[in-house]
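The values are calculated or read from the model by the stated rules, or taken from the named source; none is laboratory data. In this text the structure is predicted, and so the values were computed from the model without any measurement. Ideal geometry is used to build each Cβ from the backbone, glycine not excepted, and the neighbour counts take in all protein chains shown.
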2 protein chains.
Amino acid sequence: MKSEVITVGSEIMSGHTLDTNFRFIARKLSSIGAEVVWHTSVGDDHETVADVLRVALRRAEIVVMTGGLGPTPDDVTRKVVSTVLGRNLLLNDSVLEAIRERYRMRGTQMPGINERQALFPKGAEVIENKVGAAPGFLIKEGEKLLFALPGVPLEAEVMLEQHVLPRLTQSGTPRGREQVVLRTVGLPESIMAERIASMREQLEGVSISYLPHDYGVDLCLTFKKGEPTQLALNERVARQRLLPILGKHFYGEGDKTLEEVVGELLVSKRRKLAVAESVTGGMVSQLITSVPGASRYFMLGVTAYSDETKCKVLGVSDELIREKGAVSEQVAIEMARGVRKKGAADIGVSSTGIAGPGGGRAEKPVGLVYIAVATQRKASAEELRLVGNRALITRRASAAALEMVRRSLL
Amino acid sequence: MKSEVITVGSEIMSGHTLDTNFRFIARKLSSIGAEVVWHTSVGDDHETVADVLRVALRRAEIVVMTGGLGPTPDDVTRKVVSTVLGRNLLLNDSVLEAIRERYRMRGTQMPGINERQALFPKGAEVIENKVGAAPGFLIKEGEKLLFALPGVPLEAEVMLEQHVLPRLTQSGTPRGREQVVLRTVGLPESIMAERIASMREQLEGVSISYLPHDYGVDLCLTFKKGEPTQLALNERVARQRLLPILGKHFYGEGDKTLEEVVGELLVSKRRKLAVAESVTGGMVSQLITSVPGASRYFMLGVTAYSDETKCKVLGVSDELIREKGAVSEQVAIEMARGVRKKGAADIGVSSTGIAGPGGGRAEKPVGLVYIAVATQRKASAEELRLVGNRALITRRASAAALEMVRRSLL
């Protein structure tokens, strides 16, 4: 069933508020097999909302609106739906009484403007809001379903899960397709795509899309509708064919992050980690500790920007820095060794490089980064030449550091 | 000028990826006075993208597309624009050579499929991508402007700032309204709103909105259109009235970040900073070093998760930890003193606390955080009780640490 999501709110259109409702709704609708084809956002303007709602009702079978259900005059959703569908707004007495009761419980009287929230287009089913003031509603217009939910994310989420999804599955929305996401790091999108293209005919019933992000590429497999057994077979075949192509670059599925994978490996192998950062400025430590329970394996992080600190805190020899420069393979290795020792860890990982925008020279340009990993037995470094601005270089270098730790644990 | 933003990507429609491009683009377009009226997202499907592009070109004067410019077959933007506008795709030799050169620099050969990225609809101006592979383009279709940018957020951001905005301001986009954003930290939205409401009649010709974010509230002043002199007067009066209300909580205007303000203060006061982190896990160091030139004032960051590291690396006494617990005012102060000394800095700042989800107890619940600042002469700590999940608590504690450094420098 083709679906459209319309988020209404001037705060979204000005860029002040990041719209997180859509992502949540899209995930949930996809999970029950509804195909989300369009997402439209507009401000709190009657005419504009009315126009996009008309378009949505023409092309989609399910329309989910969020926002515009509050008590103030700039909340236009009720009025727009009434206009577009030609259904008068009627006062729902029991909803009005429930809103009054909410205020009574807090020891105050309901302000007059809240009465508006008990108005619904004729024929609408009220969707109760257990966590906030604004109820939503559902209208069946022929074969089409229109849901209106509040814009407050938590309220919209609860109402979607408790009312919208059960309603859609009960009305027999077919499970359309299954998706699997394979996450990779270190393999350029185009090389991956060429390898996969060369064996395309061996992959039946699956469409593949490439989702590059800041530091890696996710491979999204969408399996076409069919018998569950056929679907399971197609998925098994696709994995068997694709995983060898991805090789060591494959690190996890779905939403799993590189730092979570590294954390799981450290726990299962009973290893402890210490991090020495120059170019990544604390980001590697921050990613590692963003995973709950990181205290089980994270011993120490040192951000050593200056040469002096690299020597004093991490024990890098100042002679080495004079000879090779702070941005060098050898200094990276000494940093990894130093922090491993200092943190009494099994593995030390380090970064040194030039994040820019300043500080680059011809022989050591912006984007030159060395990552090193040291264990008790050995140490090695990798040279990277990263592109991007300061934020991107930092992010990519941090991912490379995590990835080097991951490989050392395989 | 009415604008529409179209974000293309199946990863957005499935809910796999949160669309952050729109927010950034909307902010930037609004900042130069372009009105963002519609935002549409669709997957990588030729027909669907073509349909929404046709609609956009009918109703908007400026259309900004992101996504669909990669080298793989599911990147449809070039093809769609070519179809919708009836402009053939032509190979741009110098772009092709630049892409080849990128690969040569990395020591590999360009895969054949990347040639696609040098194709542009006839009459398109190429928009250079300095931080990634996919160039964008601009097409003038009558009075309308169509920009196509890549979907990778940082690439889209850089290209928007360096090419799209200058192009729009030079083409004489009218500045519609004036906005000023005053950024604050540490003052609850409701208290700020009450104080401002009490003097509302002294603020003429300005509407005020409150934009709470992860760790503070931005106050957005929108001045009604009018004579430049009247506008300037209104703005001056609004500042005179509002800044005393905001007091020390006001830290900057527009997009200025707390870490930039702290950096500027450290430079102007010639002070150097060292950071000891437990609950913030490296985020304070990472924020400080995200500002170009941070090496002038950032000496050392230590992330010490374990009690052992707090003692060994930062010189906190293990007796103190046994007596007061690692999450305590006294340990925070010792960490700040220790890292200040170790880093040979003027100011040491520290964090200790419980980010959750586990580890909370009745007397020390999740969200309890201590931040301390130490200088040569004195040291002090603040207790915070933060709400939110692990990521939010970490973010808020990091902002509180930066804020405490800022105040110590005033």
Completion exercise
Exception for A:Ser398 within (1) away from every other protein chain (no Cβ under 13 Å); (2) part of a helix (DSSP H, G or I) falls at (1)
Exercise for the section: Please find, within segment A:67-96, the residue that is modelled with the lowest pLDDT out of those that are within 25 Å of A:Val42 (Cβ to Cβ) and exposed (fewer than 14 other Cβ atoms within 10 Å of the Cβ). Expected result: A:Pro73
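Give the number of residues within segment B:103-123 that are assigned to a helix (DSSP H, G or I) and over 34 Å from the mean Cα position of the chain (by Cα). First the steps, then the outcome.
First, the residues of segment B:103-123 that are assigned to a helix (DSSP H, G or I): B:103-105, B:112-118.
Restricting the remaining residues to those that are over 34 Å from the mean Cα position of the chain (by Cα) gives B:112.
Qualifying residue count for the region: 1.
Among A:Leu265, A:Leu242, A:Leu246, A:Leu258, which is the only one that is more than 13 Å from chain B (Cβ to nearest Cβ), under 30 Å from B:Met299 (Cβ atoms) and buried (at least 16 other Cβ atoms within 10 Å of the Cβ)? Even if it seems obvious, please write down each step before you answer.
Details: A:Leu265 fails: under 30 Å from B:Met299 (Cβ atoms); A:Leu242 fails: under 30 Å from B:Met299 (Cβ atoms); A:Leu246 fails: under 30 Å from B:Met299 (Cβ atoms).
Answer to the selection: A:Leu258.
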Problem - A:Arg390, sole failed condition from (1) touching a Lys or Arg at 6+ places or on another chain (Cβ under 8 Å); (2) within 12 Å of chain B (Cβ to nearest Cβ); (3) not aliphatic (A, V, I, L, M) - result: (1)
Practice task
Specify which of the listed residues (B:Ser10, B:Ser14) is touching a residue at least 60 places away in the same chain (Cβ under 8 Å), at the interface with another protein chain (Cβ under 7 Å from one of its Cβ atoms), closer than 18 Å to A:Leu219 by Cα and among the polar types (S, T, N, Q).
Solution key: B:Ser10
Completion exercise
Scanning segment B:322-364 for residues that are buried (at least 24 other Cβ atoms within 10 Å of the Cβ) and of a type in the set (D, E, K, R) gives B:Glu334, B:Arg340
Fill in the blank from the handout: Screening A:Ile127, A:Ile99 for residues that are more than 30 Å from A:Val217 (Cβ to Cβ), crowded, with 16+ Cβ neighbours inside 10 Å and in contact with a Gly (Cβ under 7 Å, 6 or more places away or on another chain) leaves only A:Ile127
Exercise for the section: Filter segment A:197-239 down to residues that are more than 12 Å from chain B (Cβ to nearest Cβ), in contact with an Asp or Glu (Cβ under 9 Å, 6 or more places away or on another chain) and β-branched (Val, Ile, Thr) and give me whichever is nearest to B:Pro150 (Cα to Cα). Expected result: A:Val206
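B:Val291 - would you say it is of a type in the set (A, V, I, L, M), surrounded by 24 or more Cβ atoms within 10 Å (Cβ to Cβ) and within 14 Å of chain A (Cβ to nearest Cβ)?
Numbers: of a type in the set (A, V, I, L, M): yes; surrounded by 24 or more Cβ atoms within 10 Å (Cβ to Cβ): no; within 14 Å of chain A (Cβ to nearest Cβ): yes.
So B:Val291 does not fit the description; no.
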Completion exercise
Note: among A:Gly338, A:Gly353, A:Gly325, A:Gly359, just one is free of Cβ contacts under 8 Å to residues at least 40 places away in the same chain and within 14 Å of another protein chain (Cβ to nearest Cβ), namely A:Gly359
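So, A:Arg270, is that one basic (Lys, Arg), away from chain B (no Cβ under 12 Å) and either crowded, with 22+ Cβ neighbours inside 10 Å or free of Cβ contacts under 8 Å to residues at least 40 places away in the same chain (or both) or not? Can you show your working first?
On the way: basic (Lys, Arg): yes; away from chain B (no Cβ under 12 Å): yes; either crowded, with 22+ Cβ neighbours inside 10 Å or free of Cβ contacts under 8 Å to residues at least 40 places away in the same chain (or both): yes.
Considered against the rule, which asks whether it is basic (Lys, Arg), away from chain B (no Cβ under 12 Å) and either crowded, with 22+ Cβ neighbours inside 10 Å or free of Cβ contacts under 8 Å to residues at least 40 places away in the same chain (or both), A:Arg270 comes out as yes.
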Completion exercise
When segment B:25-46 is checked residue by residue, the ones that are more than 7 Å from every other protein chain (Cβ to nearest Cβ), buried (at least 19 other Cβ atoms within 10 Å of the Cβ) and among the hydrophobic types (A, V, I, L, M, F, W, C) are B:Ile25, B:Leu29, B:Ala34
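Just wondering, is there one or more residues in segment B:260-278 that are part of a loop (DSSP other than H, G, I, E, B), under 23 Å from A:Asp307 (Cα atoms), under 29 Å from the mean Cα position of the chain (by Cα) and of a type in the set (Asp, Glu)?
From segment B:260-278, those part of a loop (DSSP other than H, G, I, E, B) are B:269-272, B:278; that's our starting set.
Subset that is under 23 Å from A:Asp307 (Cα atoms): B:269-272.
Checking the rest, the ones that are also under 29 Å from the mean Cα position of the chain (by Cα) come to B:269-272.
Okay, now just the ones that are also of a type in the set (Asp, Glu), so none.
No, every residue in segment B:260-278 fails to be part of a loop (DSSP other than H, G, I, E, B), under 23 Å from A:Asp307 (Cα atoms), under 29 Å from the mean Cα position of the chain (by Cα) and of a type in the set (Asp, Glu).
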Problem - Complete set of residues in segment B:223-233 that are in contact with a strand residue (DSSP E or B) (Cβ under 6 Å, 6 or more places away or on another chain) and surrounded by fewer than 17 Cβ atoms within 10 Å (Cβ to Cβ) - result: none
Exercise for the section: Report the residue count in segment A:1-22 for those that are modelled with pLDDT of 90 or more and surrounded by fewer than 21 Cβ atoms within 10 Å (Cβ to Cβ). Expected result: 1
Practice task
List the number of the failed condition for B:Ser317; all other conditions in (1) buried (at least 17 other Cβ atoms within 10 Å of the Cβ); (2) in contact with a Cys (Cβ under 9 Å, 6 or more places away or on another chain) hold.
Solution key: (1)
Problem - Filter result (among the β-branched types (Val, Ile, Thr) and closer than 20 Å to B:Arg337 by Cα) within segment B:362-410 - result: B:Val369, B:Ile371, B:Val373, B:Thr375, B:Val405
Completion exercise
When (1) surrounded by fewer than 17 Cβ atoms within 10 Å (Cβ to Cβ); (2) part of a helix (DSSP H, G or I) are applied to A:Ile393, the one that fails is (1)
Problem - Scope segment A:302-317; condition at the interface with chain B (Cβ under 8 Å from one of its Cβ atoms), of a type in the set (S, T, N, Q) and either farther than 16 Å from A:Gly353 by Cα or touching a residue at least 24 places away in the same chain (Cβ under 8 Å) (or both); matching residues - result: A:Thr303
Problem - Positions within segment A:380-410 being closer than 18 Å to B:Arg106 by Cβ and in contact (Cβ under 8 Å) with a residue 60 or more places away in the chain, in sequence order - result: A:Leu392, A:Ile393, A:Arg396, A:Ala397, A:Ala399, A:Ala400, A:Glu403
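From A:Glu125, A:Glu143, grab the single residue that is out of contact with any Ser or Thr (no Cβ under 7 Å at 6 or more places or on another chain) and over 16 Å from A:Ser82 (Cβ atoms). Working first, answer last.
Details: A:Glu125 fails: over 16 Å from A:Ser82 (Cβ atoms).
Only one candidate qualifies: A:Glu143.
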